[in-house]
Amino acid sequence: MRWDKLFDDLESQLENEITADDLEVDAEEERLRLGRLSMRDRIVSLHARGSEQSPLTLSVVLVTGTRLIIRPAIIGRDWMSADLVDDSDRPAQCIVPFAAMAGISLGSAHITPSLATMPSSGHPSLSQRLGLSYVLRDLCRRRRAVSLLLVAGEVHGTIDRVGRDHLDIAVHERGAVRRETAVAEYRLVPFASLVLVRP
């Protein structure tokens, strides 16, 4: 009878130790998973849970201190395009480099969903592979006038060319067509100083 009690105690202790080890391994795996999450991953997780009836709306603080209320549309490798949410009737779009974000204000209901891991399809989508320079080259190709919010002010004009880490913009008045006579200056803008692009 005593031996049965001894073996029951040993079995119970072993079970408790195995359970504690399993919990510790699970906790470590979760810490590692969270350590691999990028801000982009968290935005993608939230965006995937949005719907047409209830689209994701984020309050983004830029490195300049400007706060924007946006609805993400496309999420690229290091940028996102979004609709600006404001009081005007005319919807405005923008491109926000992730490096230009000083933070995103989330409610408590958004924290847990933002930490979810999205299932991988094996190959990243086209938008996941496109970097900021690709999007800027497309605006350049289309000869669209843009407003660039920079760390040191704002500039309006037409992008003439896009390099690996910078762009050239022909600065001209808003609403003016890009002609040599309308260009006030040509400016090289490093991507590191780019905060927001409004086409």
To the nearest 0.05, the calculated FRET efficiency linking Val61 and Asp41 through their beta-carbon distance, R0 being 25 Å, is 0.80
Between region 125-142 and region 5-83, what is the C-alpha centre distance in whole Å?
27 Å
What whole-number value in cubic angstrom gives the convex hull volume per residue for the C-alpha atoms of region 131-199?
77 Å³
Report the dimensions of the chain along its three principal axes from the alpha-carbon atoms, largest first, rounded to Å.
103, 36, 31
Which order, highest average first, do 182-195, 19-32 follow once you tally other Cβ atoms within 10 Å for each residue and take the mean per peptide?
182-195, 19-32
Go ahead and estimate [θ] at 222 nm for the chain from helices alone: -39,500 (n - 2.57) per DSSP H run with n ≥ 4, summed, over the residue count, rounded to 500.
-11000 deg cm²/dmol
Applying the Karplus parametrisation 6.51 cos²θ - 1.76 cosθ + 1.60 with θ = phi - 60° to the phi angles of region 41-48, what ³J(HN,Hα) value in whole Hz is obtained for each residue in order, glycine and proline being reported as x?
4, 5, 5, 4, 4, 5, 4, 5
For q = 0.13, 0.17, 0.20, 0.22 Å⁻¹, Debye-computed log10 I/I(0) when each Cα of region 48-164 counts as one equal scatterer
-0.61, -1.04, -1.38, -1.56
Based on the mean of other beta carbon atoms within 10 Å per residue, what is the order of 33-40, 172-179, most packed first?
172-179, 33-40
Ranking request for peptides 95-106, 145-156, 49-60: highest mean number of other beta-carbon atoms within 10 Å first, then the rest in descending order.
95-106, 145-156, 49-60
For region 4-114, what size does the Cα cloud have along each of its three principal axes, sorted from largest down, in whole Å?
79, 30, 22
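Each reported figure results from applying straightforward, stated rules to the coordinates on display, with no laboratory input. Since the model is a prediction, treat every value here as computed from it, not as a measurement. For neighbour counting, all protein chains shown are included, and Cβ atoms are generated from backbone atoms with ideal geometry for every residue, glycine included.
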